[in-house]
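Asker: Questions regarding the structure given below will be posed in turn.
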Ligand code: PLP
């Protein structure tokens, strides 16, 4: 059975051209980039080339790019650097729908004497900007707002937020892990101070990330050690993955202009329309006005997401649900709860996240095979029976 992979917000396939670019760094080019000899120097040169390519994807300067081990490390580094830069400021702001990389860090910081503000979203998953601005004070050290949500794909107006936050002299960070490569990012066009990316969300391998740090931003390393990354991140570089990320950034830049992203958005729309038309009591979570081109979160009322995933798995379809099995009970995600999605819908939510590698045939297969899955589960659901009368 063929695997149909529509779980690209979880992770992506490493693109063949990326694998090809990485291979020499596992075999003949194994020198340490910090070594004085030419053999290591060559490897160091490859890192600098990758730095330029990543910088180009977000219109940054190469010197503003710091390679890390993942998106989570980039997020932690940004927040901790801002706190270290202003030890007297004890207030931190984020949204209620961030990835655990930010959410759980803020929750930990709240147990360490920091006052935290979690900005709410409305039923469409859009941020309450007035609430955000009204809560900024002289004691606010950092505002961190994701560029695009990993569950719904909803895009936040971070350029506007960055400008407002800058006016008040507060550091602004954005987690752009899901947005990179799917929508254009231009750090020169907006006063974003720090921005996180992750390799495995854009067809590079797992275990490599990026933190963009605007020139002039007060910064201290999270990992203290050698002089790597200009002293901003100690530890011998994950050379092959960094080289792979450089190639992936190149490919992502090409996809943004060659029509691939638009084609993918068309497939996402075809999937969404097909499912909504063929499954009664189904709805999209999050606004469709400003959304990533690859994501749709759809709730199928009166069924359990985990059960849907299991049956989808038997059909070879890989996706994610918006609920997680914690301590034996199926809890809807914090994102859907923050949006106030009713329980009957939140439990049966499925996130489909496409990549440019998906085909029309795959989408048609999902549209054909999903409705009977939902129907079968509903026949077993007492809640469905009740509401159907
Ligand atoms: N931020 C967002 C929005 C994400 O979706 C993810 C991964 O799912 C991360 C951060 C964490 O990235 P990594 O897996 O590279 O640590």
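Asker: Given (1) within 16 Å of the ligand (Cβ to nearest atom); (2) crowded, with 20+ Cβ neighbours inside 10 Å, where does residue 15 come up short, assuming only one miss?
Answerer: Among (1) within 16 Å of the ligand (Cβ to nearest atom); (2) crowded, with 20+ Cβ neighbours inside 10 Å, the lone unmet condition for residue 15 is (1).
Asker: Still on this structure: May I ask you to list the residues in the stretch 63-79 that are farther than 26 Å from residue 45 by Cβ, near the ligand (Cβ under 8 Å from one of its atoms) and surrounded by fewer than 24 Cβ atoms within 10 Å (Cβ to Cβ)?
Answerer: 72
Asker: Search the stretch 146-160 for residues being within 16 Å of the ligand (Cβ to nearest atom) and more than 22 Å from residue 319 (Cβ to Cβ), and hand back the single one that is nearest to the chain's Cα centre (by Cα).
Answerer: 147
Asker: I'd like to know if the stretch 269-292 contains one or more residues that are surrounded by fewer than 18 Cβ atoms within 10 Å (Cβ to Cβ), in a helix (DSSP H, G or I) and within 19 Å of the chain's Cα centre (by Cα).
Answerer: no
Asker: Of (1) within 16 Å of the ligand (Cβ to nearest atom); (2) under 29 Å from residue 25 (Cα atoms), residue 230 satisfies all except one. Which?
Answerer: Looking at each condition in turn, residue 230 falls short on (1).
Asker: Regarding residue 263, is this residue modelled with pLDDT of 95 or more, away from the ligand (no atom under 16 Å from the Cβ) and within 18 Å of the chain's Cα centre (by Cα)?
Answerer: When the stated conditions are applied, residue 263 does not pass them.
Asker: Take residue 86 and decide whether it is touching a residue at least 24 places away in the same chain (Cβ under 8 Å), in contact with a helix residue (DSSP H, G or I) (Cβ under 7 Å, 6 or more places away or on another chain) and away from the ligand (no atom under 16 Å from the Cβ).
Answerer: no
Asker: For residues in the stretch 100-112 being surrounded by fewer than 17 Cβ atoms within 10 Å (Cβ to Cβ) and within 16 Å of the ligand (Cβ to nearest atom), which is nearest to residue 148 (Cα to Cα)?
Answerer: Per the stated criteria, the residue is 100.
Asker: Tell me the residue from 115, 168 that is away from the ligand (no atom under 16 Å from the Cβ), in contact (Cβ under 8 Å) with a residue 24 or more places away in the chain and touching a helix residue (DSSP H, G or I) at 6+ places or on another chain (Cβ under 9 Å), please.
Answerer: So the residue among 115, 168 that is away from the ligand (no atom under 16 Å from the Cβ), in contact (Cβ under 8 Å) with a residue 24 or more places away in the chain and touching a helix residue (DSSP H, G or I) at 6+ places or on another chain (Cβ under 9 Å) is 168.
Asker: Let me ask something additional. Mind counting the residues in the stretch 197-221 that are within 11 Å of the ligand (Cβ to nearest atom) and either assigned to a loop (DSSP other than H, G, I, E, B) or farther than 21 Å from residue 292 by Cα (or both)?
Answerer: 6
Residues are listed down the side, and each one gets a yes or a no for (1) over 21 Å from residue 5 (Cβ atoms); (2) within 21 Å of the chain's Cα centre (by Cα); (3) surrounded by fewer than 17 Cβ atoms within 10 Å (Cβ to Cβ); (4) modelled with pLDDT of 95 or more:
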position: 196; (1), (2), (3), (4): yes, yes, no, yes
position: 202; (1), (2), (3), (4): no, yes, no, yes
position: 207; (1), (2), (3), (4): no, yes, yes, yes
position: 210; (1), (2), (3), (4): yes, yes, no, yes
position: 216; (1), (2), (3), (4): yes, no, yes, yes
position: 221; (1), (2), (3), (4): yes, no, no, yes
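Asker: Right, next: Kindly indicate whether residue 59 is exposed (fewer than 15 other Cβ atoms within 10 Å of the Cβ), within 19 Å of residue 196 (Cβ to Cβ), at pLDDT 95 or above and more than 16 Å from the ligand (Cβ to nearest atom).
Answerer: Judged against the criteria, residue 59 is a match.
Asker: Does the stretch 125-140 contain any residue that is crowded, with 24+ Cβ neighbours inside 10 Å, touching a residue at least 12 places away in the same chain (Cβ under 8 Å), within 16 Å of the ligand (Cβ to nearest atom) and closer than 22 Å to residue 291 by Cα?
Answerer: yes
Asker: To continue, here is another question. What number goes with the only condition from (1) in a helix (DSSP H, G or I); (2) more than 16 Å from the ligand (Cβ to nearest atom); (3) surrounded by 17 or more Cβ atoms within 10 Å (Cβ to Cβ) that residue 31 does not pass?
Answerer: All conditions are met except number (1).
Asker: Next up: When you look at residue 247, is it out of contact with any strand residue (DSSP E or B) (no Cβ under 9 Å at 6 or more places or on another chain), touching a residue at least 12 places away in the same chain (Cβ under 8 Å) and in a helix (DSSP H, G or I), yes or no?
Answerer: Spelling it out, residue 247 is indeed out of contact with any strand residue (DSSP E or B) (no Cβ under 9 Å at 6 or more places or on another chain), touching a residue at least 12 places away in the same chain (Cβ under 8 Å) and in a helix (DSSP H, G or I).
Asker: Which residue, of 121, 97, 93, 54, is away from the ligand (no atom under 16 Å from the Cβ) and in contact (Cβ under 8 Å) with a residue 24 or more places away in the chain?
Answerer: 93
Asker: Does residue 10 satisfy the criteria of being within 16 Å of the ligand (Cβ to nearest atom), farther than 23 Å from residue 225 by Cβ and touching a residue at least 24 places away in the same chain (Cβ under 8 Å)?
Answerer: yes
Asker: Something else now. Please list, ordered by first then second residue, the pairs with beta carbon atoms under 9 Å, 6 or more apart or interchain, first in the stretch 201-225 and on the phi > 0 side of the Ramachandran plot and in contact (Cβ under 8 Å) with a residue 60 or more places away in the chain, second assigned to a loop (DSSP other than H, G, I, E, B) and away from the ligand (no atom under 16 Å from the Cβ).
Answerer: 203/15; 203/356; 203/357
Asker: So, one more: Can you list the helices (runs of 4 or more DSSP H) found entirely within the stretch 296-389 that contain at least 3 residues being free of Cβ contacts under 8 Å to residues at least 24 places away in the same chain?
Answerer: 305-314, 360-379, 382-388
The values are calculated or read from the model by the stated rules, or taken from the named source; none is laboratory data. Predicted model, so just to flag it, every value in this text is computed and none were measured. Heads up, the Cβs are rebuilt from the backbone with ideal geometry, glycines too, and the neighbour counts pull from every protein chain shown.
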